[in-house]
Amino acid sequence: MPWKCGRALVWDAACPDTYAPSHLALAAKEAGVVANQAECRKTEKHVHLSASHHFVPFAIKTSGVFRPGALSLLEDIGMQTNQSRDW
């Protein structure tokens, strides 16, 4: 089923633990950097999909902060849901 620009939607989710010992030093330096790294890793991992699919990296920090890709996808899903309701 086409999602955007005639391409199917593919997404990969990550929920990095900002408070994990391996992330604490980095997280203390800059807000959102742990989730940003997770989002970037997902994008790099699936770069080959961009030619044939609409890929969205979906990163949410364990503290509840959504990255832009996650927010955008949720907004798009909400819009699709609202448009398809039969009132």
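The values are calculated or read from the model by the stated rules, or taken from the named source; none is laboratory data. Treat the numbers as computed from the prediction; the structure is a model and nothing was measured. Don't worry about glycine lacking a Cβ; one is built from the backbone with ideal geometry, like all the others, and counts go over all protein chains shown.
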Check your understanding: Can you spot a residue in the range 15-31 that is out of contact with any Ser or Thr (no Cβ under 8 Å at 6 or more places or on another chain) and of a type in the set (S, T, N, Q)?
Key -> yes
Exercise for review: Being crowded, with 20+ Cβ neighbours inside 10 Å and either modelled with pLDDT under 80 or over 8 Å from the mean Cα position of the chain (by Cα) (or both) is the filter; apply it to the range 59-74 and report the residue that is nearest to residue 17 (Cα to Cα).
Suggested key: 61
Review point. So which residues in the range 75-87 are modelled with pLDDT under 80 and aliphatic (A, V, I, L, M)?
Key: none
Review point. Residues in the range 2-13: is at least one surrounded by 17 or more Cβ atoms within 10 Å (Cβ to Cβ) and in contact with a strand residue (DSSP E or B) (Cβ under 8 Å, 6 or more places away or on another chain)?
Key: yes
Practice item. Scan 38, 27, 51 and give me the residue that is in contact (Cβ under 8 Å) with a residue 24 or more places away in the chain and small (Gly, Ala, Ser). Key: 38
Exercise for review: Please enumerate the residues belonging to the range 51-73 that are polar (S, T, N, Q), closer than 28 Å to residue 7 by Cβ and outside any helix (DSSP H, G or I).
Suggested key: 52
Exercise for review: Out of the residues in the range 1-50 that are within 19 Å of residue 73 (Cβ to Cβ) and assigned to a loop (DSSP other than H, G, I, E, B), state the one that is nearest to the chain's Cα centre (by Cα).
Suggested key: 15
Exercise for review: Within the range 23-50, work out how many residues are of a type in the set (Gly, Ala, Ser) and farther than 16 Å from residue 63 by Cβ.
Suggested key: 2
Check your understanding: Since residue 40 meets every condition but one in (1) surrounded by fewer than 12 Cβ atoms within 10 Å (Cβ to Cβ); (2) out of contact with any strand residue (DSSP E or B) (no Cβ under 7 Å at 6 or more places or on another chain); (3) modelled with pLDDT of 90 or more; (4) closer than 25 Å to residue 7 by Cβ, which condition does it not meet?
Key -> (1)
Review point. Among the numbered criteria (1) surrounded by fewer than 16 Cβ atoms within 10 Å (Cβ to Cβ); (2) of a type in the set (Gly, Ala, Ser); (3) in contact (Cβ under 8 Å) with a residue 24 or more places away in the chain, which single criterion is violated by residue 78?
Key: (3)
